[in-house]
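Okay, structure first, notes after.
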């Protein structure tokens, strides 16, 4: 099993398909947007032709109004781990999570979830100041998860996780990083954004908003979607819209590069050596 990491628009998907075709692999996509059905253009997911050439997992798994987290990708991996897989995607956080593992979580009832909403960041500081220091006060997802754990177990989160250490999901995986010059990456992002508009990005976002009518859905807050929604509100002109998507995508790519550099110390080799190694 191998993993290809790199920033958005670096060519990960194209390389993965080449390798999969040559060595009879299947692909596990780790992408927080491609997992959604109906979000085709904004996610820049592989074309129908490419999907027909190589079996993909992690693409078109759920609808935009369905909830998911890293456990969804873990479930998909567990169902396919006996296969020869190439793991690829821009959401490297999910790969990192599977490599270091996830701590087993207590059973959280709907009643506990509702009860947790009554409390705030100050409550977390009272019950577990050590854990509160690890999260920001506006990080509501992690805040309520911590409070839910306390309510379900009567144990401060820091103590709970100390007793329930994470276990790796993936035992062994060779990681290959695609390193791309920043100027070249910017050109690729510009070309890809232009192609997205030509394919009908604005119409796709209009369809998603009309069908789901909830701009708070994660899929509708993604780069390429949220800017179009602002365009509908008159925030940008069409030219400004395109440049805004390019700028925000470039910023995302920079964050991805930083994450990959700091979180994956044991990478197998750079892209040039990977080409030679696989003969592509």
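May I ask you to list the residues in region 157-178 that are free of Cβ contacts under 8 Å to residues at least 60 places away in the same chain and either out of contact with any helix residue (DSSP H, G or I) (no Cβ under 7 Å at 6 or more places or on another chain) or surrounded by fewer than 16 Cβ atoms within 10 Å (Cβ to Cβ) (or both)? Show your work before the answer.
Here is the first cut: in region 157-178, the residues free of Cβ contacts under 8 Å to residues at least 60 places away in the same chain are 157-163, 171.
Selection gives 159, 161, 162, 163, 171.
Take the conditions loosely packed, with under 14 Cβ neighbours inside 10 Å, more than 13 Å from the chain's Cα centre (by Cα) and under 22 Å from residue 195 (Cα atoms) and apply them to residue 67. Does it pass?
Working: loosely packed, with under 14 Cβ neighbours inside 10 Å: yes; more than 13 Å from the chain's Cα centre (by Cα): yes; under 22 Å from residue 195 (Cα atoms): no.
Criteria not met by residue 67.
Yes or no: residue 121 within 30 Å of residue 30 (Cβ to Cβ), within 27 Å of the chain's Cα centre (by Cα) and either in contact (Cβ under 8 Å) with a residue 60 or more places away in the chain or outside the structural domain of residue 69 (by TED's automatic domain parsing) (or both)? Explain how you work it out, then say what you get.
On the way: within 30 Å of residue 30 (Cβ to Cβ): no; within 27 Å of the chain's Cα centre (by Cα): yes; either in contact (Cβ under 8 Å) with a residue 60 or more places away in the chain or outside the structural domain of residue 69 (by TED's automatic domain parsing) (or both): yes.
Criteria not met by residue 121.
Tell me which residues, restricted to region 14-33, are under 15 Å from residue 178 (Cα atoms), in contact with a strand residue (DSSP E or B) (Cβ under 8 Å, 6 or more places away or on another chain) and surrounded by fewer than 24 Cβ atoms within 10 Å (Cβ to Cβ). Let's see the steps before the verdict.
So in region 14-33, the residues under 15 Å from residue 178 (Cα atoms) come out as 14-19.
So of that shortlist, the ones also in contact with a strand residue (DSSP E or B) (Cβ under 8 Å, 6 or more places away or on another chain) come out as 15-17, 19.
Within region 14-33, 15, 17, 19 qualify.
With respect to residue 105, is the statement that it is outside the structural domain of residue 27 (by TED's automatic domain parsing) and modelled with pLDDT under 90 true? Break it down stepwise before answering.
Values: outside the structural domain of residue 27 (by TED's automatic domain parsing): yes; modelled with pLDDT under 90: yes.
Here the answer is yes, as residue 105 does meet what is asked.
Looking at (1) outside the structural domain of residue 7 (by TED's automatic domain parsing); (2) within 30 Å of residue 43 (Cβ to Cβ); (3) in contact with a helix residue (DSSP H, G or I) (Cβ under 6 Å, 6 or more places away or on another chain), which one does residue 130 not meet, given that it meets all the others?
(2)
Is region 135-156 home to any residue that is more than 19 Å from residue 71 (Cα to Cα), surrounded by 15 or more Cβ atoms within 10 Å (Cβ to Cβ) and modelled with pLDDT under 95?
yes
Being outside any helix (DSSP H, G or I), free of Cβ contacts under 8 Å to residues at least 24 places away in the same chain and in the same structural domain as residue 28 (by TED's automatic domain parsing), is that true of even one residue in region 201-214?
Initially, region 201-214 is screened for residues outside any helix (DSSP H, G or I), giving 213-214.
Subsequent filtering for residues that are free of Cβ contacts under 8 Å to residues at least 24 places away in the same chain retains 213.
Now narrow it down to the ones that are in the same structural domain as residue 28 (by TED's automatic domain parsing): 213.
Yes; the residues of region 201-214 include at least one that is outside any helix (DSSP H, G or I), free of Cβ contacts under 8 Å to residues at least 24 places away in the same chain and in the same structural domain as residue 28 (by TED's automatic domain parsing).
The values are calculated or read from the model by the stated rules, or taken from the named source; none is laboratory data. Just so it is clear, the structure is predicted and the values come from calculations on it, not from any experiment. Quick reminder, even Gly has a Cβ in these numbers, built from the backbone with ideal geometry, and neighbours come from all protein chains shown.
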